[in-house]
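Everything on this sheet refers to the single structure shown next.
The values are calculated or read from the model by the stated rules, or taken from the named source; none is laboratory data. Keep in mind the model is a prediction, meaning the values are calculated, not measured. Because the Cβ atoms are built from the backbone with ideal geometry, glycine has one as well, and the counts that use them run over all protein chains shown. Just the protein is used for accessible areas: all its heavy atoms, side chains included, with ligands, DNA and RNA removed. Shrake-Rupley method; radii C 1.70, N 1.55, O 1.52, S 1.80 Å.
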Amino acid sequence: MSEPPSETDMPRREWRNFYGRRHGKTLRERHRNYLDSDLAALSPGPVGWDVNPERHPLDLASLFGGREVWLEIGFGGGEHMVHQAGRNPGVGIIGCEPYINGVAMLLGKIRAAGVENVAVHPGDVRDLFDVLPGASIARAFLLYPDPWPKKRHHRRRFVTPDFLEPLARVMRPGAELRVATDIPDYVRQTLIEVPKAGFDWLAEGPGDWRQPWGDWLSTRYEQKALREGRVPQYLTFRRR
């Protein structure tokens with residue numbers, strides 16, 4: 001019988017600063033009920049350091065029955081994730097979002113749509129990256145991420161090596177990364193940093209970033225941007 005791992009053999013938890021909100025205004029009773037009754041059953045498996053200190057990889061084959069796996073990073077209110085799950089029943093989709101109010105909204109949409117090919121991690125995506133198997137993700141979505149507009153905060157953006165390098169590790173060669181944003185400087189940083197992380201930008205002409213994807217569902221964040229006169233841009237990359 002093998003000995004249990006000693007503390008020196010176990011991975012050492014990396015200190016990670018977290019920026020952004022985890023809670024907003026007081027949740028409505030129905031949203032609290034969704035969190036209490038639905039969230040645990042939608043877990044992708046042991047992600048947190050408290051339940052998986054050895055950082056064992058998730059068993060995605062068992063989770064989704066061998067289906068291709070997609071990942072939405074920061075799903076906001078969840079409308080795009082549920083839309084994609086409904087359109088693509090042959091795919092499993094993991095959504096990651098630390099903002100608990102958004103998680104509760106997603107759970108309500110999952111109930112209403114009746115989709116079953118989804119899993120939800122209500123926390124930091126870097127913890128999820130730790131336990132996703134290498135080259136396991138076939139498509140990833142980064143839609144209207146927090147723009148961190150002040151220059152001194154640009155290092156907090158997702159499109160930095162701290163996030164992009166582990167993302168590249170878990171995406172299979174040929175996998176597609178979609179980025180939507182209405183912030184010109186975020187586009188600039190994305191086009192610099194994402195290729196350095198191992199992705200090719202697939203645009204051949206202006207229409208490729210000015211027009212949304214054919215299966216796109218405009219989110220509430222996009223609708224707000226349009227009302228305020230900002231122009232969305234849609235960037236598509238392929239993992240090398």
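Scanning the range 195-208 for residues that are touching a helix residue (DSSP H, G or I) at 6+ places or on another chain (Cβ under 7 Å) and open to solvent by 80 Å² or more (accessible area, probe 1.4 Å) turns up just one, TRP201.
Restrict the check to the range 27-47 and report whether at least one residue is modelled with pLDDT of 70 or more, assigned to a loop (DSSP other than H, G, I, E, B) and exposed (fewer than 12 other Cβ atoms within 10 Å of the Cβ). Walk me through it before giving the result.
Of the range 27-47, the ones modelled with pLDDT of 70 or more are 27-47.
Still in the running and assigned to a loop (DSSP other than H, G, I, E, B): 27-28, 39, 43-47.
Pick out the ones that are also exposed (fewer than 12 other Cβ atoms within 10 Å of the Cβ) and you get none.
Looking for residues that are modelled with pLDDT of 70 or more, assigned to a loop (DSSP other than H, G, I, E, B) and exposed (fewer than 12 other Cβ atoms within 10 Å of the Cβ), one finds none in the range 27-47, hence no.
Of all residues in the range 175-196, those that are acidic (Asp, Glu) have Cβ atoms under 7 Å from Cβ atoms of residues that are open to solvent by 40 Å² or more (accessible area, probe 1.4 Å), 6 or more apart or on another chain, in GLU176/ARG139; GLU176/ARG238; ASP182/ARG230; ASP182/VAL231.
Condition first: of a type outside the set (S, T, N, Q), in contact (Cβ under 8 Å) with a residue 40 or more places away in the chain and out of contact with any helix residue (DSSP H, G or I) (no Cβ under 8 Å at 6 or more places or on another chain). Can you find one or more residues in the range 140-152 that meet it? Taking every residue of the range 140-152 in turn, at least one turns out to be of a type outside the set (S, T, N, Q), in contact (Cβ under 8 Å) with a residue 40 or more places away in the chain and out of contact with any helix residue (DSSP H, G or I) (no Cβ under 8 Å at 6 or more places or on another chain).
Can you say whether ARG239 is open to solvent by less than 80 Å² (accessible area, probe 1.4 Å), under 20 Å from ARG126 (Cα atoms) and among the basic types (Lys, Arg), as far as the supplied structure shows? Yes; evaluated as a whole, the condition is true for this residue.
Among the residues of the range 72-101, the one identified as surrounded by fewer than 23 Cβ atoms within 10 Å (Cβ to Cβ), touching a Cys at 6+ places or on another chain (Cβ under 8 Å) and either of a type in the set (Asp, Glu) or outside any loop (DSSP other than H, G, I, E, B) (or both) is ILE73.
Count of the range 76-95 residues, restricted to those that are under 18 Å from ALA40 (Cα atoms) and touching a Leu at 6+ places or on another chain (Cβ under 6 Å), is 2. Any residue in the range 152-166 that is under 18 Å from ARG238 (Cβ atoms), part of a strand (DSSP E or B) and open to solvent by 60 Å² or more (accessible area, probe 1.4 Å)? There is no residue in the range 152-166 that is under 18 Å from ARG238 (Cβ atoms), part of a strand (DSSP E or B) and open to solvent by 60 Å² or more (accessible area, probe 1.4 Å). You will find that of ARG178, ARG172, the residue that is closer than 17 Å to ARG240 by Cα, in contact with a strand residue (DSSP E or B) (Cβ under 7 Å, 6 or more places away or on another chain) and open to solvent by 40 Å² or more (accessible area, probe 1.4 Å) is ARG172 and no other.
Of all residue pairs spaced 6 or more apart or on separate chains, those with beta-carbon atoms under 9 Å, a first member in the range 53-81 that is at negative phi and of a type in the set (Ser, Thr, Tyr) and a second member that is surrounded by fewer than 21 Cβ atoms within 10 Å (Cβ to Cβ) and assigned to a loop (DSSP other than H, G, I, E, B) are SER62/GLY45.
Each residue in the range 209-235 was checked for being out of contact with any Gly (no Cβ under 8 Å at 6 or more places or on another chain), exposed (fewer than 15 other Cβ atoms within 10 Å of the Cβ) and outside any loop (DSSP other than H, G, I, E, B), and 5 of them qualify. Is the range 180-200 home to any residue that is within 19 Å of ILE93 (Cβ to Cβ), in a strand (DSSP E or B) and touching a Phe, Trp or Tyr at 6+ places or on another chain (Cβ under 6 Å)? Checked the range 180-200: at least one residue is within 19 Å of ILE93 (Cβ to Cβ), in a strand (DSSP E or B) and touching a Phe, Trp or Tyr at 6+ places or on another chain (Cβ under 6 Å).
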